[in-house]
Each structure stands twice: as structure tokens, then as C-alpha cells.
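Reading through the C-alpha cells given below for one structure.
The values are calculated or read from the model by the stated rules, or taken from the named source; none is laboratory data. Model, not experiment: these values are computed from the prediction. Heads up, the Cβs are rebuilt from the backbone with ideal geometry, glycines too, and the neighbour counts pull from every protein chain shown. Areas reflect the complete protein model, heavy atoms only, side chains present, ligands, DNA and RNA absent. Shrake-Rupley method; radii C 1.70, N 1.55, O 1.52, S 1.80 Å.
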Amino acid sequence: MQFGWYINDWANAAFSATVLTVFLGPYLTSIAKEAADAQGNVHPLGLSIRAGSFFPYTVSFSVLLSVGAMLLLGTVADRTGRHKELMCGAAYVGSAATMGMFFLGGDRYLLGGGLLVVANIAYAVSVALSYAYLPGLASPDERDAVSSKGWAYGYAGGGLLLIANLALFQGHDAFGLSSGTAVRICLASAGLWWAIFTLVPLLRLPSRAGVLPGRPGVPSARDGGAGDGKDAEPAAGSLRELGRTLRGMRRYPLTLLYLGAFLCYNDGIQTVVSQASLYGSEELGMDQTSLVVAVLLVQIVAIGGALLLGRIAHRFGAKSTILGSLVGWVVTLALGYFMPAHQPAWFYALACMIGLVLGGSQALSRSLFSHMIPAGREAEYFSVYKVSDRGTSWMGPLVFGLAYQITGSYRSAIISLLVFFVIGFAVLLRVPVRRAIEAVGNPVPERL
């Protein structure tokens with residue numbers, strides 16, 4: 001069962017790495033600039049915005065829509081027990097939208113924005129439901145290692161596809177392709193990769209998440225136990241259940257305190273990841289090849305970083321390790337602000353620093369949160385958690401876009417993200433993890 005879950009990360013990492021992190025930001029920005037007026041503005045939905053802000057604004061808009069979709073479908077999954085069907089269904093919707101990006105070109109920035117919104121919502125739902133499987137994959141003391149290994153698989157899968165895409169982009173002249181056509185093929189390849197490898201979790205994972213192998217199902221924290229999928233009105237019932245879930249979260253204020261810390265610092269992390277290629281191309285003067293190489297370095301180093309921080313957490317505890325990684329993020333961001341333009345070697349060094357702290361900070365945050373949620377509510381709680389995870393952050397891109405809108409400088413935009421790490425560190429420091437786990441009735445791991 002663990003292998004099927006690992007391969008799910010391997011599959012969807014292609015969208016995160018190839019689409020969100022590398023190719024779509026610069027390419028969609030260039031398309032928006034083609035459609036811009038004399039002042040450099042585009043006018044989606046009648047709004048006037050800088051063409052350079054269109055991509056981060058679109059990411060933020062897609063996340064605002066995905067919040068409701070994740071919460072509703074997470075509740076439906078816990079109520080009906082159809083976690084796998086909903087997870088894989090969302091994956092195939094997202095992969096289809098991603099493959100549709102092959103048809104971007106000219107000044108079709110609205111088409112690109114629309115496909116990004118659909119794909120990002122589907123991605124968010126699919127990954128949130130996959131996270132719900134974590135409590136059932138390992139015992140409390142093994143969970144950090146399993147979560148870290150899942151992230152390592154994700155970075156390995158995303159990195160492998162990036163190698164192929166780098167070869168295609170570098171040799172596009174030899175294949176008789178323009179650079180734009182090569183980029184569109186790379187975007188579509190991520191959707192195809194996502195669709196093919198989603199077959200593995202579709203075949204290997206059980207329908208219901210949250211149950212350890214060999215252990216009876218854990219009833220949901222609701223009257224009548226876990227949903228059996230026979231409710232005559234599952235959608236209406238799930239809407240009512242969603243309201244109860246959101247109100248019920250107030251019973252676990254320590255879990256909410258941790259969630260607040262995570263939503264803050266991880267919004268900063270995800271914005272750095274999703275806007276790094278835009279920052280590199282527009283502010284540092286990196287060409288497309290340098291951007292792909294840098295992200296490939298992030299993918300490769302993040303494999304080792306996730307496993308390394310998992311081992312450190314085994315010795316010092318997940319909370320202390322996460323706090324240390326946030327200090328590393330602050331240092332990395334500050335160095336990025338002062339980085340000279342047109343110096344690929346420095347940009348590659350920055351990519352390695354990001355990779356070292358990226359996978360571990362996210363993997364450990366995921367496993368630590370899994371201890372703080374009540375049994376039977378995994379998909380619902382992880383849907384809230386997923387509001388600020390891979391590709392679904394909205395506060396950071398909004399701040400990033402506003403900073404650029406006001407100053408016209410991507411350096412000002414990137415340094416504005418420091419606030420997320422500082423506040424997240426301060427809030428996480430105040431979370432009594434052991435008490436939070438005991439409050440929801442879960443066994444406490446030996447080391448925290």
C-alpha cells in the first residue's frame with residue numbers, strides 16, 4: 001500500500017515541477033505581454049493589471065476556488081469512503097487540463113489562465129485526499145520516515161521528467177521545433193505523465209483512507225460511525241457535515257494553532273517555489289535552460305534533503321527540525337534578494353539551498369499534522385491543511401504580485417515574503433505538540 005502512495009507523489013510532482021515551477025510562469029507571462037496594451041497591462045474580466053502580475057494573480061485566484069472544492073470533496077470522501085475514486089478522478093481532470101496547455105500560443109493568455117485554474121484546483125483536491133492516507137500507512141513513530149520517503153519519490157519523479165524536458169528544450173532546433181513549441185510539449189508531457197502513473201495508486205490503494213493495514217476501520221467522529229456511501233443525498237449531507245467539521249475544529253485549538261503556523265510559513269515556501277522561475281527570468285536574466293537546470297537541481301537535492309531531515313527529526317524531533325529549516329529559508333531568501341543578475345552559478349547555488357530545506361520542511365510538517373487530527377476526519381482536516389501546500393498557496397502569490405505591482409521590482413517582491421517565515425516560526429514555537437496530540441486522542445510518538 002505504501003508503494004502505491006509513493007507513486008502518487010511520483011505522478012503529481014510532474015505538474016508541480018514542470019508546470020508551476022518551471023515552464024508555465026515565464027511562458028504565460030510572455031503570452032500576457034504579447035496581449036498587453038501600450039502601458040503593459042492586460043484586462044482579464046475587465047480588470048487592469050500588469051502583464052507580469054497575471055501569473056501570480058491567477059495562481060491566487062485558483063487557490064481561492066480550490067479551498068471550497070477541497071473542503072467539500074474531503075467531507076464527501078470521509079462520508080462515503082470513496083477517497084481513492086475522488087483522488088484519482090481529480091488527478092485525471094487535472095492531467096487533461098495540463099495536456100490542454102499544448103494549445104497555448106500567440107496571445108491566448110486567458111486560455112492559459114483558465115487551464116491553470118482548472119488544473120490547480122484538481123491538483124489541490126487530489127493531493128489533499130492523498131494526504132488523508134498517511135495516518136493509515138505507518139505507526140506514529142514511523143510516520144516521519146514514511147512522509148519523507150513520499151516526498152523523496154515525488155522529487156525523483158518530477159526530476160526525471162525535467163531531465164527529459166531539458167533535453168527536449170535544449171535540442172529543440174535539432175527536432176525542428178521552435179522554443180515555444182518545445183515549451184508547450186513540455187507542459188503537455190506533465191499531464192501525460194500524471195495520467196499514466198496515477199494508474200498505480202488507482203490499482204494499489206484501498207478506497208478508504210486512514211486505516212492501518214490489518215486493523216479494523218476507525219469510525220468517523222460523527223453519530224452513526226463512518227459513512228458507508230449509502231446516504232440518499234451524499235452531496236447535501238456532506239455540505240451539512242462540512243459545516244459541522246468547520247465548527248468542530250474549534251474543539252482543538254492547539255491543532256488550529258499549528259495549522260495557522262503551517263499555513264503562514266508554507267505559503268512563503270510555495271510562493272518561492274512557484275515564482276522562482278519568474279524571478280530568475282525577469283530579475284536575474286536567466287534563460288529558459290538555466291531555469292530548468294536550477295529546478296532540476298532543486299528536485300535532486302530535495303530528495304536527499306527530505307531523507308536527511310527525516311533522519312534529523314528521528315533524533316531531535318519533527319518540531320525542532322522544522323524550526324531549523326525555517327531559519328534556513330530566511331537565510332536563503334535574503335541571499336536571493338542580493339544575488340547578482342546574469343550569474344547562473346550563483347542561481348544554481350541558490351537552487352541547491354532551496355532543495356536542501358524544501359522537501360524536509362514539508363514532509364515533516366505533513367507527518368506532524370497527521371498526529372493532531374481526530375480519527376475518521378483525515379480527508380477533511382487535510383483539505384484545510386492543503387490550503388497552503390504544493391501549488392495551492394494564495395497569500396504569498398498575492399503579496400508577491402502586489403509588491404511587484406507597486407514597486408515594479410521582483411527583488412522587492414521576493415523579499416516581501418520574509419514576513420511569512422518570521423510569523424510562521426514565531427507561531428510554531430508556541431505550539432505544545434504533545435498536548436495537541438493528546439487532545440485529539442491519538443497515541444503520542446516517542447520523539448517529537
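Table for the structure above
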item: Estimated dipole of region 238-357 in Debye, rounded to 20 [Cβ of Lys and Arg +1, of Asp and Glu -1, Cα centre]; result: 940 debye
item: Positive-end residue of PRO432, LEU110, TYR153, charge dipole of the chain with Cβ unit charges; result: PRO432
item: Label-point separation, ARG435 to ARG447 (7 Å along Cα→Cβ), nm; result: 2.5 nm
item: Derived scalar couplings ³J(HN,Hα) [region 252-268; Karplus, 6.51 cos²θ - 1.76 cosθ + 1.60; whole Hz; x for Gly, Pro]; result: 10, x, 6, 4, 5, 5, 4, 4, x, 4, 5, 4, 6, 5, 6, 4, x
item: Virtual paramagnetic centre 7 Å along Cα→Cβ of HIS342, amide N under 19 Å, in region 270-285; result: 279-285
item: Helix-only CD estimate at 222 nm, as mean residue ellipticity for the chain, using -39500 (n - 2.57) per DSSP H run (n ≥ 4); result: -23500 deg cm²/dmol
item: Ordering of 2-9, 166-173, 377-384 by burial proxy (mean other Cβ atoms within 10 Å per residue, highest first); result: 377-384, 2-9, 166-173
item: Relative contact order (%) - region 22-126, alpha-carbon pairs under 8 angstrom, separation at least six; result: 35 percent
item: With Cα atoms, 0 to 90° folded angle of helix 179-197 axis to the chain main axis; result: 10 degrees
item: Accessible surface of region 93-212, 1.4 Å probe, proportion on carbon and sulfur as whole %; result: 69 percent
item: Kirkwood hydrodynamic radius of the chain, from inverse mean 1/r over distinct Cα pairs, in Å; result: 21.8 Å
item: Where Cα atoms sit under 29 Å apart: lysine pairs in the chain separated by 8 or more or lying on different chains; result: 7
item: Using alpha-carbon coordinates, inclination of helix 318-338 to the longest axis of the chain, degrees; result: 10 degrees
item: Rounded tilt (10° steps) of 54-80 against the dominant C-alpha axis of the chain; result: 20 degrees
item: Packing-based ranking, highest mean first, of 405-411, 20-26 given that Cβ atoms within 10 Å are counted; result: 20-26, 405-411
item: Residue-span extension gain [GLN170 to THR289] - 0.36 nm each, minus C-alpha spacing; result: 42.2 nm
item: Heavy-atom accessible area per residue - the chain, 1.4 Å, Å²; result: 37 Å²
item: Alpha carbon convex hull of region 324-412, projected area averaged over orientations, nm²; result: 7.1 nm²
item: The chain: most fluctuating residue of GLY176, GLY40, GLY317 per GNM, C-alpha cutoff 10 Å; result: GLY176
item: From phi via Karplus (6.51, -1.76, 1.60), per-residue ³J(HN,Hα) for region 112-125 in Hz, x at Gly/Pro; result: x, x, x, 5, 4, 4, 4, 5, 6, 5, 4, 4, 4, 5
item: Karplus (6.51, -1.76, 1.60) ³J(HN,Hα), θ = phi - 60°, over region 11-28, in Hz, Gly and Pro reported as x; result: 6, 7, 5, 4, 5, 4, 7, 6, 8, 5, 8, 10, 8, 5, x, x, 5, 5
item: Carbon/sulfur fraction of accessible area - region 265-420, other protein chains in place, 1.4 Å, %; result: 71 percent
